[in-house]
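The block underneath contains the structure these notes are about, expressed in structure tokens.
The values are calculated or read from the model by the stated rules, or taken from the named source; none is laboratory data. This one's a predicted model, so the numbers in the text were calculated from it and none came from an experiment. Cβ atoms come from the backbone with ideal geometry, glycine included; neighbour counts cover every protein chain shown. These area figures cover heavy atoms from the full protein model, side chains too; ligands, DNA and RNA do not enter into them. Shrake-Rupley method; radii C 1.70, N 1.55, O 1.52, S 1.80 Å.
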Amino acid sequence: MSHPSTRALRPGTGTATRRRTRLAALALAVSAVSASGATLLAAPANAATAGVVEQMITIQDHQNHHSLASSDGEGSRIVARGYQDASTSFWISNKPGDRVDFARNVNGTERVLEMDTRDGRSTQFIHWWAGDNQQWTLESAAQGGTYLHNAKGNGCLTYHGLDREVTVEGCDGSMSQRFDLVGSGTGPGPGPVTSDQQRFLDRLNAVRAQYGKAPVRLNSTLSQAAKCNADQMDQRRVSGHFCNSSAIAAGLGYTGRGFGEIAFYGPTNIDAAVDGWTNSPGHLGIMIGDYNEVGLARTGAASWNADFSTR
């Protein structure tokens, strides 16, 4: 059986209420479609960074899409994680000499991703002081992705696996040194809208119109936040709420009032997912709630997650 799932946060509180109902399983399968709504920032081939616009991003290894993360503590190591939240969100900013840095504000203190000069290899999250080891140049990889060269010694950021520290190693052109800089939608413009997202929006707004509710618009940051839970359901093969999607959206720079989430593992096309949601009072209540923005994510053949909020 497939299990659609809902989550609604009451404005002004952090309390989540969950309601689940059971729907019949759907047997047909279709190919996977990415629905994160995220924008990949392309690095110029000559490593110049003049085209980089300051925005919030995640840094993901090119092959597995694991996100680089740090805890808030001074000197904490940079580790690859299989989720996205505030710890995986960095501001990318232009610096002199065709360089960039990756920063987060922690309780009023700006901290950046740097190569630890004590061994010239480890990475850490530490206060900003504009040293060469805290700055990076970007180079597009011909096979896809971007090399991140540390400005002190020109070594390349290197991925070593899930939940392991990333390091700076000699540049060898390997897959482990290729990363994607994934924009949250807070920069120059939103990512492309997928056919699933557009169909979902059309059907959602048709349902809302039946209840006298104003239409909502797609938001790429909400779609990116929704991707975490879609990924988790796909891995677990069950509906549920396994990510703090509202915190992920906030970490990506989204500021909204109220938050709702509907999740469904089982349907293999967006129409079947919407049919299941609209036939469930709990899900329908969120779909016609007092929201004006929505994001949809799909992972694999049968994992769907939609996040709602208001700005």
Can you tell me which residues in the range 116-132 are open to solvent by less than 10 Å² (accessible area, probe 1.4 Å) and either under 22 Å from P96 (Cβ atoms) or among the hydroxyl-bearing types (S, T, Y) (or both)? T123, G131
Test: residue in the range 133-151 that is open to solvent by 40 Å² or more (accessible area, probe 1.4 Å), over 25 Å from G266 (Cβ atoms) and of a type in the set (V, I, T): no
Unmet requirement for N64, which otherwise passes all of (1) open to solvent by 50 Å² or more (accessible area, probe 1.4 Å); (2) at pLDDT below 50; (3) within 24 Å of H241 (Cα to Cα): (2)
Taking the conditions exactly as written (open to solvent by less than 10 Å² (accessible area, probe 1.4 Å) and either assigned to a loop (DSSP other than H, G, I, E, B) or touching a residue at least 60 places away in the same chain (Cβ under 8 Å) (or both)), does S223 satisfy them or not? yes
Where the second residue is at pLDDT 95 or above and among the hydroxyl-bearing types (S, T, Y) and the first is over 18 Å from P281 (Cα atoms) and lies in the range 192-217, which pairs have Cβ atoms under 6 Å and are six or more apart or on separate chains? V216/Y291
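Residue-wise test of (1) farther than 21 Å from M56 by Cα; (2) at pLDDT 85 or above; (3) of a type outside the set (D, E).
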| site | (1), (2), (3) |
| --- | --- |
| R118 | yes, yes, yes |
| W128 | no, no, yes |
| Q135 | no, yes, yes |
| Q143 | yes, no, yes |
| L157 | no, yes, yes |
| L162 | yes, yes, yes |
| D172 | yes, yes, no |
| S184 | no, no, yes |
Selection within the range 238-257 - open to solvent by 30 Å² or more (accessible area, probe 1.4 Å) and within 14 Å of N305 (Cβ to Cβ): V238, F242, N244, S246
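Select from the range 68-90 the residues that are within 12 Å of L252 (Cα to Cα), at pLDDT 85 or above and open to solvent by 20 Å² or more (accessible area, probe 1.4 Å) and list them in ascending order.
The one that is within 12 Å of L252 (Cα to Cα), at pLDDT 85 or above and open to solvent by 20 Å² or more (accessible area, probe 1.4 Å): S87.
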Among the residues listed as A214, A209, the single one being farther than 20 Å from D85 by Cα, outside any helix (DSSP H, G or I) and open to solvent by 60 Å² or more (accessible area, probe 1.4 Å): A214
Given (1) of a type in the set (D, E, K, R); (2) farther than 30 Å from A301 by Cα; (3) open to solvent by less than 10 Å² (accessible area, probe 1.4 Å), index of the condition E165 fails: (3)
I need every pair where a residue in the range 227-242 that is over 19 Å from V182 (Cβ atoms) and among the polar types (S, T, N, Q) has its Cβ under 8 Å from the Cβ of a residue that is open to solvent by less than 50 Å² (accessible area, probe 1.4 Å) and part of a helix (DSSP H, G or I), sequence separation at least 6 or different chains. S239/M233
In the range 189-204, which residue that is open to solvent by less than 80 Å² (accessible area, probe 1.4 Å) and assigned to a loop (DSSP other than H, G, I, E, B) is modelled with the lowest pLDDT? G189
Exception for E261 within (1) surrounded by fewer than 24 Cβ atoms within 10 Å (Cβ to Cβ); (2) under 14 Å from T310 (Cα atoms) falls at (1)
Just checking, which of S245, S309, S280, S239 is under 20 Å from I57 (Cα atoms) and of a type in the set (S, T, Y)? S245
Scope the range 277-302; condition small (G, A, S) and crowded, with 24+ Cβ neighbours inside 10 Å; matching residues: G295, A297, A302
Take residues that are touching a helix residue (DSSP H, G or I) at 6+ places or on another chain (Cβ under 6 Å), closer than 20 Å to Q198 by Cβ and at pLDDT below 95 and tell me which of the strands (runs of 3 or more DSSP E) falling wholly in the range 242-311 contain 3 or more. 293-299
Using the structure shown, decide if S239 is outside any loop (DSSP other than H, G, I, E, B) and polar (S, T, N, Q). no
Checked the range 221-241 for anything modelled with pLDDT of 90 or more and of a type in the set (A, V, I, L, M, F, W, C); matches are L222, A226, A230, M233, V238
